[in-house]
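Notes to accompany the following structure.
The values are calculated or read from the model by the stated rules, or taken from the named source; none is laboratory data. A quick note: this is a predicted structure, and the numbers were derived from the prediction, not measured. Virtual Cβ from ideal backbone geometry, glycine too; neighbours counted across all protein chains shown.
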Amino acid sequence: MECCGGKKIKSRFIDEDVDLSLLDNILSEYKNVKGSLITILQQAQEIYGYLPLSVLDYVANETKVKSSKVYGVATFYTQFKLNPVGENLIMLCDGTACHVNGADKIQEAIYEELNIHDGETTEDKLFTLNIVACLGCCSLSPVMMINDETYGNLTSKKTKDIIRDKKSKALAKEAK
């Protein structure tokens with residue numbers, strides 16, 4: 001029996017059949033260290049690229065931390081991904097400065113170019129879009145990051161050009 005919205009919470013996570021034994025070294029090192037849940041989840045995400053439900057359940061079971069706390073940490077911090085992420089993670093800022101300066105138009109350009117909304121990944125797994133509260137680059141608004149690169153003073157055209165360039169580089173790399 002699920003209580004307190006347990007099924008609803010679990011529906012936010014994707015689950016895939018993953019090799020949980022890859023976590024054993026991390027868990028043996030940290031499972032008895034108080035306050036290490038975030039470290040464990042960070043390292044788990046490095047292994048799998050995101051946090052599948054089975055990983056969260058395994059971490060909860062092995063660390064004896066309530067699953068609701070593990071799920072709460074995974075959903076609270078934006079660094080944690082609940083779904084597989086594309087090769088290029090687009091983080092579009094929708095903080096006050098970006099919002100006022102046209103982040104909605106940039107979001108529309110991304111949709112037109114990639115046909116994805118917030119939290120979605122393209123079918124070819126090249127791009128994932130995440131709309132975030134702030135990237136800390138207000139003077140460059142509207143701004144987005146793709147992986148570790150920051151792009152500011154965006155227009156719809158500039159945004160589409162950046163995405164097309166990333167896409168062509170990815171396809172060229174695949175062709176090699």
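Among the conditions (1) part of a helix (DSSP H, G or I); (2) over 15 Å from Leu135 (Cβ atoms); (3) out of contact with any Phe, Trp or Tyr (no Cβ under 9 Å at 6 or more places or on another chain), the only one that Val65 does not satisfy is (1). If you take the residues of region 20-62 that are hydrophobic (A, V, I, L, M, F, W, C) and not in a helix (DSSP H, G or I), which of them is surrounded by the most Cβ atoms within 10 Å (Cβ to Cβ)? Among residues in region 20-62 that are hydrophobic (A, V, I, L, M, F, W, C) and not in a helix (DSSP H, G or I), the one surrounded by the most Cβ atoms within 10 Å (Cβ to Cβ) is Leu51. Taken together, the residues in region 84-136 that are touching a residue at least 40 places away in the same chain (Cβ under 8 Å), touching a Gly at 6+ places or on another chain (Cβ under 8 Å) and closer than 21 Å to Glu174 by Cβ amount to 6. Given the options Glu123, Glu108, name the one that is in a helix (DSSP H, G or I), charged (D, E, K, R) and surrounded by fewer than 19 Cβ atoms within 10 Å (Cβ to Cβ). One residue alone meets the criteria, Glu108. Do we have Val143 as closer than 27 Å to Gln45 by Cβ, outside the structural domain of Val33 (by TED's automatic domain parsing), in contact (Cβ under 8 Å) with a residue 12 or more places away in the chain and within 12 Å of the chain's Cα centre (by Cα) here? So Val143 does not fit the description; no. The number of residues in region 156-171 that are polar (S, T, N, Q) and without any contact (Cβ under 8 Å) to a residue 24 or more places away in the chain comes to 1.
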